[in-house]
Amino acid sequence: MKYRIVKNNKELININILGLNINCIEQGEGDNVLILPGWGTNYNVYKNLIDNISKYAKVYYFDMPGFGKSEEPKEAWNTDDFIELVKEFIKINKIDNITLIGHSNGGRIAIKMLSEGNLEFKVRRLILIGSAGIVHKKTAKQKAKMSIVKLGKKALNTGIAKKIAPNALENLKKKMGSVDYRNATPVMRNTLVKLVNEDLKDRLPKVNVPTLLLWGENDTETPFDDAKIMEKEIPNAGLVPFKGCSHYVFLERPVQINNIIKNFMGK
């Protein structure tokens, strides 16, 4: 059964979407804002951002499946699965005329969803904070790591190896993978692989809403060069760089970020 989120005064609740229990919140009054969080994050990371924006808008937020208090999917998801979840959340809550904020992987989801068009709701504007979505050529070091894992997989998949060291391949993947990859469950690990290997660069020109890019110049997760590409390729985009800031610029410069968002929304 699907439940509409009621006004809940800063209280997180669980609703069932696509068969998963999803942890979410509705806070504030005014124009609708939906925040799509990044990979591996949860409500606590965005609480201050939500509190600030909810002073002049109605903010919707939910933990992505597998993170925070939201249930993990039964099998690996791709970007389209996350888009379906976002659309269902919007439909259940009858949200329209949305300011969509996507951080990191949340930005990836937003970009692909908007580039496809034919939405049953209106997105008035898009705010991307350190957004994912652009795939880079692998460095020599990354290629070497992949080769080691592939060789290890071949060797450790033999019958004898499986009997002697049944967890060896899993341990090798954990050791050689990224922090996000190492910390994930098998289902979420496969989900991450599907997400990061999808390049959305060609879709950027199809994002036809006013777009604000907020980016830390020292971002090592989604490099600042990605911001420059998005500013160039998205038709109506503007970039605000933050010197000395990282992937979590909204935590490092909360007052400045809030003022910029408020102005972008015409408040």
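In the structure displayed, which of Lys122/Lys206; Lys58/Lys232; Lys112/Lys262 lie more than 27 Å apart, Cα to Cα? Don't skip to the answer; put the middle values down first.
Details: Lys122/Lys206 15 Å; Lys58/Lys232 31 Å; Lys112/Lys262 25 Å.
With Cα atoms farther than 27 Å apart: Lys58/Lys232.
Would you list, by chain and number, the aspartates and glutamates whose Cα falls below 14 Å from the Cα of Lys47, excluding same-chain residues fewer than 8 positions away?
Partners within reach: Glu11, Glu26, Asp63, Glu252.
Sort His136, His247, His103 by Cβ crowding within 10 Å, fewest neighbours at the top.
Working: His136 11, His247 21, His103 29.
So the residues, fewest neighbours to most, are His136, His247, His103.
What is the fewest-to-most order of Ile22, Ile109 by other Cβ atoms lying within 10 Å of their Cβ? Write down the numbers at each step before the final one.
Values: Ile22 22, Ile109 27.
Neighbour counts put them in this order, fewest first: Ile22, Ile109.
Ranking Met113, Met64, Met265 by Cβ neighbours within 10 Å, fewest first, what do you get?
With the fewest neighbours first, Met113, Met64, Met265 line up as Met265, Met113, Met64.
Read-outs throughout are calculated quantities, based only on the coordinates presented, and are distinct from any laboratory measurement. Treat the numbers as computed from the prediction; the structure is a model and nothing was measured. Backbone-built Cβ (ideal geometry, glycine too); neighbour counts: all protein chains shown.
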